[in-house]
């Protein structure tokens, strides 16, 4: 049973500790994750520290290992905050000698191990909340920042961006739920967010309508997704102008009548292909807009904002994402937009190579493995696996895994549950945590999305064990 009071009491304990340390002129090291949720969470904590006039340094990590933890333990900072990363590595953190440093861990991933003696650990899982669905890392960071000082209430929209980046909009009509929804409603109440039902098309604030429709993959629309010319034809048949005074119109420019005609024509298109028109209704859902941001920019729409942050992290430019989150609308935003464009090109190329090359796809009993070595950079495995999991291309199986070789020569995977398998109680985070320990590696994450790294020579055995565990968890039997 969820214990909201217990979670908030734990958050207040950490907030008081941060206020006390800042009052004593302590310096802070903030270690945060490199994905959209991690960058949002990192910026929220850093913004709170700025307002406390506390000296800090932020380090952005793809994951925690002995090297990252060791560097933190040897640093000169008085306080080390593991933010949106750390709960799955409590034993690793606790096993390091931090001397007299104050340790704080705030995360929403599944917990493994015991918190370090004398440290403060905040995690919604410990209070009955599912950190993969009910609150993001940015959400927990926001609750902490608001507890530190009420002036941080304006950071609520950024917490919503983090939740969307973590794909936690799994409620009815692509909505946020539970604590995420509470934060969203709070953000709306202070004028920082607008929430409404609308068409959810990729790039709704920035992409020409035909291109936004063609690049929408959730849901995947056969005959339209990836087909810009056919999307132009469909828009013409619906009587929708794609330009206004030589300027491309974006989905956010459509009026209600045009949206209805577009949806009706998509339904007709799907029916003509013998498919249920109900698939098109998945395009209608909750849209979270940031009214303080300029129109026709990626920051105006919460999901696009999250995509920009994700691009910065995956393209090894996470500092740009932090800068944008903290308010830089000049050079950092310009460079982040260029990074987003490059990221989209890379992702499209990568997915095209996977779909066109069957040698990249290895099918086990319940796991599909994408062999990404030489194609998928280690920072992109999560993004690629998320895209594949939403494409419905492999929904006959339970799990899709994207693998690659890291720069240090390790075997890395990112795994996602597919389709209806999310209802079977398979917990990828627990499975990969357990197997990574068995194979002397590191891993963990959420129940529906997780990752791991092991030695390259153990890759085959590791994948076979993963397939066995998924089969067993799904009730389809193991060999």
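Considering each residue of region 358-379, count those that are assigned to a loop (DSSP other than H, G, I, E, B) and either touching a strand residue (DSSP E or B) at 6+ places or on another chain (Cβ under 8 Å) or without any contact (Cβ under 8 Å) to a residue 40 or more places away in the chain (or both), and give that number.
8
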Name the residue, out of 234, 281, that is more than 29 Å from the chain's Cα centre (by Cα) and more than 30 Å from residue 154 (Cβ to Cβ). 234
Every residue in region 447-479 that is under 11 Å from residue 436 (Cα atoms), in a strand (DSSP E or B) and in contact with a helix residue (DSSP H, G or I) (Cβ under 8 Å, 6 or more places away or on another chain), please. 451, 452, 453, 454
Has region 106-113 got at least one residue that is on the phi > 0 side of the Ramachandran plot and surrounded by fewer than 21 Cβ atoms within 10 Å (Cβ to Cβ)? yes
Do you know which residues across region 248-302 are modelled with pLDDT under 95, crowded, with 20+ Cβ neighbours inside 10 Å and not assigned by TED's automatic domain parsing to the domain that holds residue 236? 298
Take the residues in region 192-211 that are modelled with pLDDT of 95 or more and in a loop (DSSP other than H, G, I, E, B); name whichever of them is surrounded by the most Cβ atoms within 10 Å (Cβ to Cβ). 193
Identify the residue in region 176-191 that is more than 15 Å from residue 306 (Cβ to Cβ) and touching a residue at least 40 places away in the same chain (Cβ under 8 Å) and, among all such residues, is surrounded by the fewest Cβ atoms within 10 Å (Cβ to Cβ). 191
Test: residue 412 is buried (at least 17 other Cβ atoms within 10 Å of the Cβ), in contact (Cβ under 8 Å) with a residue 40 or more places away in the chain and farther than 29 Å from residue 282 by Cβ: yes
Only one of these conditions is not met by residue 239: (1) part of a loop (DSSP other than H, G, I, E, B); (2) more than 30 Å from residue 14 (Cβ to Cβ); (3) touching a residue at least 24 places away in the same chain (Cβ under 8 Å). Which number is it? (3)
Could you list, in sequence order, the residues of region 62-72 that are modelled with pLDDT of 95 or more and touching a helix residue (DSSP H, G or I) at 6+ places or on another chain (Cβ under 6 Å)? 69
Please enumerate the residues belonging to region 20-41 that are in contact with a helix residue (DSSP H, G or I) (Cβ under 6 Å, 6 or more places away or on another chain) and under 16 Å from residue 146 (Cα atoms). 40, 41
Can you tell me which residues in region 126-147 are surrounded by fewer than 24 Cβ atoms within 10 Å (Cβ to Cβ), out of contact with any helix residue (DSSP H, G or I) (no Cβ under 6 Å at 6 or more places or on another chain) and outside any loop (DSSP other than H, G, I, E, B)? 126
Hey, residue 417 hits all of (1) farther than 18 Å from residue 34 by Cα; (2) at pLDDT 95 or above but one; which does it fall short on? (2)
What's the number of the condition residue 422 fails, among (1) modelled with pLDDT of 90 or more; (2) assigned to a helix (DSSP H, G or I); (3) within 17 Å of residue 167 (Cα to Cα)? (1)
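Of everything in region 20-44 that's part of a helix (DSSP H, G or I) and surrounded by fewer than 16 Cβ atoms within 10 Å (Cβ to Cβ), which residue is farthest from the chain's Cα centre (by Cα)? Even if it seems obvious, please write down each step before you answer.
First, the residues of region 20-44 that are part of a helix (DSSP H, G or I): 20-23, 36-44.
From what's left, surrounded by fewer than 16 Cβ atoms within 10 Å (Cβ to Cβ): 20, 23.
Numbers: 20: 32, 23: 34 Å.
Checked region 20-44; the qualifying residue farthest from the chain's Cα centre (by Cα) is 23.
Among the residues of region 1-19, which ones are outside any helix (DSSP H, G or I) and at pLDDT 95 or above? Quick ask: steps written out before the conclusion?
Filtering region 1-19 down to residues outside any helix (DSSP H, G or I) leaves 1-3.
Across region 1-19, the qualifying residue is only 3.
The values are calculated or read from the model by the stated rules, or taken from the named source; none is laboratory data. Since this is a predicted model, take the numbers as computed values, not measurements. Every residue, glycine as well, gets a Cβ built from its backbone with ideal geometry; the counts of neighbours run over all protein chains shown.
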